[in-house]
Amino acid sequence: LQKRKISETDFEQQKNETNNKKILTQVRCRHLLVKHRDSRNPTSWKSPKGISISKEEALNKILGYEKLLKSKSVKFDELASTESDCSSAKKGGDLGHFTRGKMQKPFEDASFALNVGEMSGPVE
């Protein structure tokens with residue numbers, strides 16, 4: 001449990017019809033990653049020499065970003081571009097399309113559980 005993310009599902013690309021249920025096979029998400037000093041890789045494009053904030057401080061940052069996003073005072077892609085510790089910040093946090101098994105399990109589960117346009121809370 002090393003990262004904090006907020007994800008926003010942009011859209012679904014593929015669905016399979018099985019037993020009259022739509023099964024999502026691929027999603028496209030944006031996320032805003034805030035690393036902390038105990039992260040698996042505690043460096044980022046913003047802090048190449050290392051990240052020194054605690055896990056609690058990272059969560060507080062994420063909760064502040066979540067509040068801004070819910071108030072609609074900032075767009076997700078704009079915030080991710082300046083605040084995310086992931087290299088996807090260059091693309092507004094866009095991770096592109098991915099299938100199950102390609103991301104860390106908690107993030108994958110949160111991503112596949114969202115409806116189009118929804119945003120999850122913090123994910124470790």
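The values are calculated or read from the model by the stated rules, or taken from the named source; none is laboratory data. Not measured: the values here are computed from a predicted model. Quick reminder, even Gly has a Cβ in these numbers, built from the backbone with ideal geometry, and neighbours come from all protein chains shown. Areas reflect the complete protein model, heavy atoms only, side chains present, ligands, DNA and RNA absent. Shrake-Rupley method; radii C 1.70, N 1.55, O 1.52, S 1.80 Å.
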Query raised in the report: Scanning for something out of contact with any His (no Cβ under 8 Å at 6 or more places or on another chain), in contact (Cβ under 8 Å) with a residue 40 or more places away in the chain, of a type in the set (A, V, I, L, M, F, W, C) and more than 24 Å from Ile53 (Cα to Cα), does region 86-108 turn up at least one residue?
Result: yes
Report task. Run Ser81 past the list (1) free of Cβ contacts under 8 Å to residues at least 40 places away in the same chain; (2) surrounded by 12 or more Cβ atoms within 10 Å (Cβ to Cβ); (3) among the hydroxyl-bearing types (Ser, Thr, Tyr); (4) farther than 23 Å from Gly117 by Cβ and report the number of the one that doesn't hold. Result -> (4)
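So that you can scan it fast, the table gives a plain yes or no per residue for (1) in contact with a strand residue (DSSP E or B) (Cβ under 9 Å, 6 or more places away or on another chain); (2) outside any helix (DSSP H, G or I); (3) modelled with pLDDT of 95 or more:
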residue: Pro48; (1), (2), (3): no, yes, no
residue: Ile62; (1), (2), (3): yes, no, yes
residue: Ser81; (1), (2), (3): no, no, yes
residue: Ser88; (1), (2), (3): yes, no, yes
residue: Leu95; (1), (2), (3): yes, yes, yes
residue: Asn115; (1), (2), (3): yes, yes, no
Report summary line: Going through (1) open to solvent by 60 Å² or more (accessible area, probe 1.4 Å); (2) modelled with pLDDT under 95 one by one, Lys67 fails only at (2)
